[in-house]
Every structure is written in C-alpha cells, then in structure tokens.
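The values are calculated or read from the model by the stated rules, or taken from the named source; none is laboratory data. Small disclaimer: the values here were computed from a predicted structure and weren't measured. Methodologically, a virtual Cβ is constructed for each residue, glycine included, from the backbone with ideal geometry; neighbour enumeration extends over all protein chains shown.
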Amino acid sequence: MRLLKPCGDHLKKNAEKNLVMGTVCLTAFLVLFITSVDGLPLYVDAGRYETARGIALGLLIVSCYYFLFLQYGTYEKGIKGERKVTKTLSTSLNNEFSLFDDVNLENMKGGNIDHVVVGPTGIFAIETKYRRGKISYYGDDWEGAGRKSPSDKHESMQ
C-alpha cells in the first residue's frame, strides 16, 4: 500500500493547545498557592478577599485537571490510535491501495477525516477511535463513540 499523505497534525495541535492551557493553569495555581501559605516568604495577606483566593485556587486546580488529564490525555490516545490504524493498513493492503491520513476538507469546522483509503474496490473513509468496547452506528446515530457523533452534520459541516 502507498501512503500518500502521512498523519497530519490535527490531533497534535489540539494536544499541544491543551498542554499549554494546563501548564498556564498549573503555574497560576502554584503562584497563588505559595502566596496563600502563611509562613512562606512570599505570603500575601488577602484580608477580606481570602474567600475569593480560595475559590480561584479551586477553579485553577479543576482547570488543570481538565486540560492536562482529560483533554490532553484524550488527544494523546487519539494520536496513538491513528498511528496503529495507519500501521495496520500499511501492512495489510497491497500497492493497489493508497492511504491518505488526516484529510481536512474546506467545509469541515474543527474536524478531519482520519484515514481515506482509495483502491480498486472503492473509496473508504475511516474514523479512528482509541477506546475499549464496541462502537456501532446506524446512519448518524453512534453508540459507544463518546459524547458526540463523529458524523454529526450540524457540528462538523456548514
């Protein structure tokens, strides 16, 4: 099989964006935290704003968890899954087939087609999910694919 377009950077860009956001939140949390501990040289007495500082600390730690563990981890798993599919397709199909990874279409907002295989038997679009369990679909109704349908016309197409 011929790999005509290797994996792009759609997932990588999203992973990096969440890593940066998580790092910013963690840095802000640490700065606010070390200024909150009485007895440390950087302690700042917030007076009547102590409650607001506590709320800010809570929001920052929740944001860190969201960006670093939930979002970043999800995108990293997606990258791993797409690489596995590319490797499997590359070793399973002969040179009559061509593979295009990470295909972006002009009218798609925030999404892509993970893999497009072109060969003598047709053109196949493959959506990769790196999850355990069974994923099935019926038209645009997906079961086991997560919170939103990968083929939802209203979210990805104009």
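Would you pick out the residues in region 106-147 that are modelled with pLDDT of 75 or more, surrounded by 11 or more Cβ atoms within 10 Å (Cβ to Cβ), in a loop (DSSP other than H, G, I, E, B) and not basic (Lys, Arg)? Residues satisfying the conditions are Asn112, Glu127, Thr128, Tyr130, Ile135.
Filter region 63-87 down to the residues that are among the basic types (Lys, Arg), over 12 Å from the mean Cα position of the chain (by Cα) and closer than 14 Å to Lys129 by Cβ and list them by number. Hits for region 63-87 are Arg83, Lys84. Total residues in region 43-65 satisfying the condition of being of a type in the set (S, T, N, Q) and surrounded by 13 or more Cβ atoms within 10 Å (Cβ to Cβ): the figure is 1. For region 9-27, does any single residue satisfy the condition of being assigned to a loop (DSSP other than H, G, I, E, B) and within 23 Å of Thr128 (Cβ to Cβ)? The answer is yes, given that some residue of region 9-27 is assigned to a loop (DSSP other than H, G, I, E, B) and within 23 Å of Thr128 (Cβ to Cβ). Answer with yes or no whether Phe33 is closer than 30 Å to Gly122 by Cβ and touching a Leu at 6+ places or on another chain (Cβ under 7 Å). Answer is no for this residue. One residue is enough: does region 35-42 have a residue meeting the conditions surrounded by 15 or more Cβ atoms within 10 Å (Cβ to Cβ) and hydrophobic (A, V, I, L, M, F, W, C)? Taking every residue of region 35-42 in turn, none turns out to be surrounded by 15 or more Cβ atoms within 10 Å (Cβ to Cβ) and hydrophobic (A, V, I, L, M, F, W, C). May I ask you to list pairs of residues, at least six apart or on different chains, whose Cβ atoms are under 6 Å apart, with the first in region 65-90 being within 19 Å of Ile126 (Cβ to Cβ) and the second being of a type in the set (S, T, N, Q)? Going by the 6 Å Cβ cut-off, the qualifying pairs are Tyr75/Asn14; Gly81/Thr128; Glu82/Thr128; Val85/Thr128.
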